[in-house]
Amino acid sequence: MGSGDFLHTLPTPLSQQARQFFAIWQGWRGARRLPQRSDLSKGDLGALADSCLLLNIRSADDIRMENVGRTIIEKIGFDLTGMNYLDLTSKENRSWRATLTIAQAAQPAGVLIYYWLRFPDGAVLPVEFTGAPLYEDGAAQSSLILCCATGLADTAGRKQPLDPDSYVEGDGMRFIDIGYGVPPLVPAERQEARPVQ
């Protein structure tokens, strides 16, 4: 599969925003293995930039959230910038979330996850969370993952923050082959980490 061919094999159903996200990411990558941090352009992302964030993998215990979009901050109710992504999940899921995130960057592969986010009044916002890896400028291994959250229901009138328990774990996670295969892990089944390459 060529570097851009994966766009024709994206899973269905997938929102138009998610398809746009992967197409923009592919435009940054071109014929290279992965794009670099300096390729990332909020201008290219347009309105999607408000619902994106950048994960910076520093270690298996430290995955920092950078460049958190305005829409995410509004829905969560506070700014996630600089926080550890692993702190948003349960203690029991922390190691598995780290394993899946690191495997995605190392393979490299894209990702698709669904979250069922709840408002205090019980209303639910289904969210499609997609991601694709990048290199730090000049690096030989990927340590960055750009993610985009797409709300799949209209919640424009809801101003209250989401219930933090509703984003502890996602559902239906799957890796997306961007030309280099997918990690040998089944996201829905916690297991021992295996080498990805």
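The values are calculated or read from the model by the stated rules, or taken from the named source; none is laboratory data. Note that this is a predicted model, so its numbers are computed, not measured. Cβ atoms come from the backbone with ideal geometry, glycine included; neighbour counts cover every protein chain shown. Heavy atoms of the whole protein, side chains included, go into the accessibility calculation; ligands, DNA and RNA do not. Shrake-Rupley method; radii C 1.70, N 1.55, O 1.52, S 1.80 Å.
Got at least one residue in region 100-108 being in a loop (DSSP other than H, G, I, E, B) and surrounded by 19 or more Cβ atoms within 10 Å (Cβ to Cβ)? Yes, region 100-108 contains a residue that is in a loop (DSSP other than H, G, I, E, B) and surrounded by 19 or more Cβ atoms within 10 Å (Cβ to Cβ). So is Trp25 part of a helix (DSSP H, G or I) and modelled with pLDDT under 95 or not? Answer is no for this residue. If the condition is being crowded, with 21+ Cβ neighbours inside 10 Å and either aliphatic (A, V, I, L, M) or part of a loop (DSSP other than H, G, I, E, B) (or both), then region 118-151 contributes Val127, Ala132, Leu134, Leu144, Ile145, Leu146, Ala149. Contact map, region 119-139: first residue within 28 Å of Phe6 (Cβ to Cβ) and of a type outside the set (Ser, Thr, Tyr), second residue part of a loop (DSSP other than H, G, I, E, B) and modelled with pLDDT of 95 or more, Cβ cut-off under 6 Å, separation 6 or more or different chains; pairs are Pro133/Leu34; Pro133/Pro108; Leu134/Leu34; Leu134/Pro35.
What residue, among those in region 73-97 that are of a type in the set (Asp, Glu) and assigned to a helix (DSSP H, G or I), is surrounded by the most Cβ atoms within 10 Å (Cβ to Cβ)? Looking at the filtered set, the residue picked out is Glu74.
Restricting the first member to region 10-30 and to residues that are among the β-branched types (Val, Ile, Thr), and the second to residues that are open to solvent by 20 Å² or more (accessible area, probe 1.4 Å) and assigned to a helix (DSSP H, G or I), the beta-carbon pairs closer than 6 Å and six or more apart or on different chains are Ile24/Asp44. So, of the residues in region 45-68 that are small (Gly, Ala, Ser) and surrounded by 15 or more Cβ atoms within 10 Å (Cβ to Cβ), which turns out to be modelled with the highest pLDDT? Per the criteria, the residue is Ala49.
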